[in-house]
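Written out below as structure tokens is the structure these notes cover.
The values are calculated or read from the model by the stated rules, or taken from the named source; none is laboratory data. Predicted, not measured: the structure shown is a model, and the values here were computed from it. Every residue, glycine among them, receives a Cβ derived from its backbone with ideal geometry; neighbour counts consider all protein chains shown. Surface areas here come from the heavy atoms of the whole protein model, side chains and all, with no ligands, DNA or RNA. Shrake-Rupley method; radii C 1.70, N 1.55, O 1.52, S 1.80 Å.
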Amino acid sequence: MSGRVGALIDSSLRHAWAFHELPWQLDVDPERDAFSGQSFFAEGLRSFRAMSLPQRRSFVFRETCFHLSNLLAGERSGETLVAQVLVLTARERAGHREFLAIMAQEEAKHFLALQRYLSEKAGVLYPPCGKLRSALAAVESCASPEVKLLIGQVVFEWTAASLVSTLLLRSREPLLTALLRVNLKDEARHLAYSQELREPLAAVLAGGVPREMEDLVFESVRASVAALLAEPVWGELGLEGRKMRTHALERLERLGVIRRYRELVPMQLERCGFPVDRLKRRLGRGLTKGLAADG
């Protein structure tokens, strides 16, 4: 076991949190000022500006629940992926087994806490984005532990950490803030662990990667972007789907979010030995292609 993996195990054990210690006694009221009246996507639209402040807060609350619902699906899949990797790599990376076991437990706690928050406290739980659900299922079905690690840690874990950070910055709701804080601390260790995977992954990928692996990476990044589009929420308020998707994607471009997916994800993949030249071209041309038209 490397010293850094040992340090991550020690940190996980020292900073472990208990599900029952979160402030579950607090009520969640979407119309109070704990939720912002500013929407990440609908801001600037005439239909959104025409709403009353309580209506705007309720809209933002439901957008937040949509993103948390996708995060919930990711945490559930993350638990499965980590457990699969633990079994598949138990012999060749014996020193990593304890941290992988801790990771699986932490992903399970994230899932249970988010599920309770959404179903019991918020009372709003959406089905996950179809593209995200398909991408997660494809990675789970893949036989290669390297692919599971590469996509799970570099694509999905990074996306989850970014989403949690954004939601934490925007939320003033005490229960959600407490939940996201403990989640983010765990995710920070999971991302730190991904740095320990660079050398073993690079050794496996040195001979090149099949086109199917690149396709899976591409579709996983694309699914992560599609999962940002809160279409069920927009539909509930009678907002036209194609117009909202177009507006949202344009806003993501202006804010630099799409650029981060096109540039930062390939950069992290390259550090793990993944050949990214063709992937970068595909992301440049096709990352958002067709998403506005999808219904």
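Listing for the model above:
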read-out	value
Theoretical gain in end-to-end length, D27 to R281 [0.36 nm per residue, Cα-Cα removed]	86.7 nm
Length-normalised contact order for the range 55-128 - Cα pairs under 8 Å, 6+ apart - percent	48
For the range 201-281, diffusion coefficient by Stokes-Einstein and Kirkwood Rh (Cα), 25 °C, 0.890 mPa s, µm²/s	170
Over the range 64-118: Rg over Rh, Cα atoms, Kirkwood Rh	1.10
Label-zone membership for the range 157-172, site Q38, 7 angstrom Cα→C-beta point, backbone N under 17 Å	165-172
Approximate spin-label separation Q115-A101, in nm, with each point projected 7 Å along Cα-to-Cβ	2.3
Positive minus negative residues near Q268 (Lys, Arg vs Asp, Glu; Cβ under 13 Å)	+2
Normalised contact order of the range 1-81, rounded percent, pairs of Cα under 8 Å and 6 or more residues apart	26
Surface accessible to a 1.4 Å probe, per residue, for the residues of the chain, Å²	46
Most positive-pole-ward Cα, L53, L88, Q153, against dipole of the chain from beta carbon charges	L53
Accessible-area composition of the range 96-158, carbon plus sulfur, in percent [1.4 Å probe]	53
Residues of type aspartates and glutamates that K280 reaches as a straight line, Cα spacing below 19 Å, ignoring anything fewer than 8 places off in the same chain	E212, E214, D215, E219, E253, E263, E270
Prolate/oblate/rounded call for the range 93-161, Cα gyration tensor, a/c under 1.5 rounded	oblate
Charge dipole of the range 179-295 about the Cα centre (unit charges at C-beta), most positive-ward option of Y193, C272, A292	A292
Relative contact order (percent, whole number), the chain, Cα cutoff 8 Å, 6+ residue spacing	22
